[in-house]
Amino acid sequence: MAVPGIEHRVATLEAEMAKVKERLERAVSSSGDWLDAFSGVFDNDPVYEEAMRLGREYRESLRPKASRKPARNAGRNPQKGVSAESAARTGRML
């Protein structure tokens with residue numbers, strides 16, 4: 001047995017939901033691609049360029065620094081990993 005008040009409330013909610021769906025469909029179809037609305041907004045903006053520069057500097061400061069260790073293979077051919085002396089002994093060409 002259904003309560004008459006609940007049936008009325010459900011009918012009201014269904015009508016409101018139909019309105020919301022209609023509004024949403026209109027908003028989505030009329031706007032097209034949302035990215036187009038933002039494309040080119042910051043062209044030639046010095047404040048934006050400064051913010052990008054500062055962000056890049058910050059990210060670069062977080063990167064580990066390159067170590068300045070001496071090369072372990074000093075005197076060897078870096079392409080082959082063979083020293084000139086051992087190449088001469090074995091007859092390999094560098």
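Starting with the fewest neighbours, write out Val41, Val10 ranked by other beta-carbon atoms found within 10 Å of each beta-carbon.
Lowest count first: Val41, Val10.
Mind listing which chymotrypsin sites (Phe, Trp or Tyr not before Pro) in segment 1-71 are in a DSSP loop and have 16 or fewer other Cβ atoms within 10 Å?
Phe38, Phe42
Could you give the nm distance between label points at Lys21 and Arg59, where each point is 7 Å from its Cα heading toward the beta carbon?
Label-label distance for Lys21 and Arg59, simple model: 4.3 nm.
Can you give the local net charge around Ala27? Use residues other than it whose beta-carbon is closer than 13 angstrom to its beta-carbon, Lys and Arg +1, Asp and Glu -1.
Net of charged neighbours comes to +2.
Bear in mind these aren't lab numbers, they're just calculated from the coordinates by the rules spelled out. Note that the coordinates shown come from a computational prediction; the quantities given were computed from them, not determined experimentally. Virtual Cβ from ideal backbone geometry, glycine too; neighbours counted across all protein chains shown.
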